[in-house]
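Asker: Sharing a structure, written as structure tokens. Questions coming.
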Amino acid sequence: MAANGQRKEGIDGPTNPMVTPLLTDLYQFTMAYAYWKAAKHNDRAVFDLYFRRNPFGGEYTVFAGLEECIKLIANFRFSEDEIAFIKETLPTSCEDGFYDYLRSLDCSDVEIHAISEGFVVSPKIPLLRVEGPVAVAQLLETPLVNLINYASLVATNAARHRFVAGKSKLLLEFGLRRAHGPDGGIGASKYCYMGGFDATSNVAAGKLFGIPLRGTHSHAFVSSFMSPDEITEKSLHSSDGSHVCEDFVGSAQAWLSKLKRSNLLGGIFAETNQSELAAFASYALAFPNNFLALVDTYDVMRSGIPNFCAIALALHDLGYKAVGIRLDSGDLAYLSCEARNFFKTIEKEFGVPDFGKMNITASNDLNEETLDALNKQGHEVDAFGIGTHLVTCYAQPALGVVFKLVEINNQPRIKLSEDVSKVSIPCKKRSYRLYGKEGYPLVDLMTGENETPPKAGERILCRHPFNESKRAYVVPQHVEELMKCYWPGRSGKVREELPPLKVIRERCIKHLEQMRPDHMRRLNPTPYKVSVSAKLYDFIHFLWLNEAPVGELQ
């Protein structure tokens, strides 16, 4: 909802109620006042929001956070309380007319073009183009950068974990308790799902965004039991309701004895921890259709796995199918292989169909590197629960999104620097992705707003924005324009609809699959090319020379 209680364009307010027009830096208000005082506040400005380097040493980034940006823009309005606070904060010399101006502000005269959320993007390419009164655009700068920076970073981190784990593995986001506060936890769950994770442990995120939820029990649940005698209600109906097992715990203990006497399993374990068996039995009685046990509280192979199997076999007798186990410590590659062999042996000896295919989930401070190591060692893990390294983006804490003025009153502007990577690309632009014969993207191309768009089958000169010698001709098989109008303001353009999270996730997965494998690899990926048209290249360097002061040697 907007601060004045009105919804604009049928778009709800931001997910986080702290995202208001005050979620900005003080200098945005001091500049807004200076613009107003100079009667420049309505000058028509164009800003590009982009980043300079891909994160995590990679060659791709997943664009995320657009929906929250549009929600902010659609509901951007100052409340009287907010205006009163700004008045208290700014110097008393500021005129009252400025606060009347703030009362009238919204984003009805702002136009937003953006790349669709979930797309794979590259440095220097504008993710958002903000066009509107310069004072309003600058008031939007900080919240837009804030909403996109972490969202894109954590979505990219999730996509990288997915790439290393492989398509067939279930990825579970378990990071809420380690996230940077409630907003970090909610955002991580949303954008990790977008980046390719399958589910989250975060119940609030499940409610807000419809993300599938996963979770069973902790070590505390297991260690809270002292003995099977604690379980007072031991009966369990069969899955079809036809009969009742009066002593489910006894049935599990009988199966444990059979496993101990097994010729094929003999010697692997002797006496298991009976309090652990009690915990597993209690959990199975509560959730007979969803029994998944954490098996490393005491000893995985000597207690956890045998106890789990005894409960799973007792459930099988009643028509239920156990889900599997979770490993949260130890040598995950070795233990997963040993557990799989144990399950297969039971299937073979006792004729229990698919017991050998029991799900094995692993957690324990996992990251890209440990997933890669597990793949090289060989493992039998079906699902990974990943938390700290994923949601905190431990390997790189920020994406480095910037917001630069590229045009004012139809006059292109450029930001110069001795560091060439910080030189901005001026003027209002259009961006295209050029695809090759095999369907992979070859290069992203920026052109001036009014240039003739590139066409499939046409020979196009693509130039590095700043390096004169780096250039190549490209004959694309397919051309895709990247930016669409997500907020038309008063332009009369059709507004692109914001799709559901599940659709964005599918789009993200599709675009990641379209990338060439050498651009995607974890170590030493091939650089993905970002270029400008010949006309834009010439204009950049003309403006550069025009704006750079000429030195004089004494």
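Asker: Quick one: is residue 486 assigned to a strand (DSSP E or B) and free of Cβ contacts under 8 Å to residues at least 24 places away in the same chain?
Answerer: So residue 486 fails the test.
Asker: Go through region 542-554 and report how many residues are open to solvent by less than 90 Å² (accessible area, probe 1.4 Å) and assigned to a loop (DSSP other than H, G, I, E, B).
Answerer: 2
Asker: So how many residues does region 489-541 have that are farther than 20 Å from residue 476 by Cα, in contact with a strand residue (DSSP E or B) (Cβ under 8 Å, 6 or more places away or on another chain), in a loop (DSSP other than H, G, I, E, B) and open to solvent by less than 80 Å² (accessible area, probe 1.4 Å)?
Answerer: 5
Asker: Here is a follow-up. Mind checking which residues of region 283-303 are surrounded by fewer than 16 Cβ atoms within 10 Å (Cβ to Cβ) and of a type in the set (D, E, K, R)?
Answerer: 302
Asker: In region 368-418, what count of residues is obtained for those that are among the small types (Gly, Ala, Ser) and either crowded, with 20+ Cβ neighbours inside 10 Å or within 21 Å of the chain's Cα centre (by Cα) (or both)?
Answerer: 6
Asker: Restrict the check to region 131-154 and report whether at least one residue is open to solvent by less than 10 Å² (accessible area, probe 1.4 Å) and of a type in the set (D, E, K, R).
Answerer: no
Asker: Is there a residue being closer than 23 Å to residue 131 by Cα, surrounded by fewer than 15 Cβ atoms within 10 Å (Cβ to Cβ) and either without any contact (Cβ under 8 Å) to a residue 60 or more places away in the chain or out of contact with any Gly (no Cβ under 7 Å at 6 or more places or on another chain) (or both) anywhere in region 468-482?
Answerer: Yes, some residue in region 468-482 is closer than 23 Å to residue 131 by Cα, surrounded by fewer than 15 Cβ atoms within 10 Å (Cβ to Cβ) and either without any contact (Cβ under 8 Å) to a residue 60 or more places away in the chain or out of contact with any Gly (no Cβ under 7 Å at 6 or more places or on another chain) (or both).
Asker: Just wondering, is there one or more residues in region 313-320 that are under 38 Å from the mean Cα position of the chain (by Cα) and either assigned to a loop (DSSP other than H, G, I, E, B) or farther than 18 Å from residue 347 by Cβ (or both)?
Answerer: yes
Asker: May I pose another question? Among residues belonging to region 352-367 that are at pLDDT 95 or above and out of contact with any Leu (no Cβ under 9 Å at 6 or more places or on another chain), point out the one that is surrounded by the most Cβ atoms within 10 Å (Cβ to Cβ).
Answerer: Residue satisfying both the conditions and the ranking: 358.
Asker: (1) touching a helix residue (DSSP H, G or I) at 6+ places or on another chain (Cβ under 7 Å); (2) among the polar types (S, T, N, Q); (3) closer than 30 Å to residue 192 by Cβ: which one isn't true of residue 524, the others all being true?
Answerer: Condition not satisfied by residue 524: (1).
Asker: Within the group 394, 440, which residue is among the hydroxyl-bearing types (Ser, Thr, Tyr), touching a Lys or Arg at 6+ places or on another chain (Cβ under 7 Å) and on the phi < 0 side of the Ramachandran plot?
Answerer: 440
Asker: Can you spot a residue in region 500-514 that is among the basic types (Lys, Arg) and under 17 Å from residue 439 (Cβ atoms)?
Answerer: yes
Asker: Against the conditions (1) closer than 16 Å to residue 356 by Cα; (2) in contact with a Leu (Cβ under 8 Å, 6 or more places away or on another chain); (3) surrounded by fewer than 21 Cβ atoms within 10 Å (Cβ to Cβ), where does residue 336 fall short? Just the number, please.
Answerer: All conditions are met except number (3).
The values are calculated or read from the model by the stated rules, or taken from the named source; none is laboratory data. All values derive from a computational prediction rather than experimental measurement. Neighbour counts run over all protein chains shown; Cβ positions are idealised from the backbone, glycine included. Just so you know, the surface numbers come from the protein's heavy atoms only, side chains and all, with ligands and any DNA or RNA stripped out. Shrake-Rupley method; radii C 1.70, N 1.55, O 1.52, S 1.80 Å.
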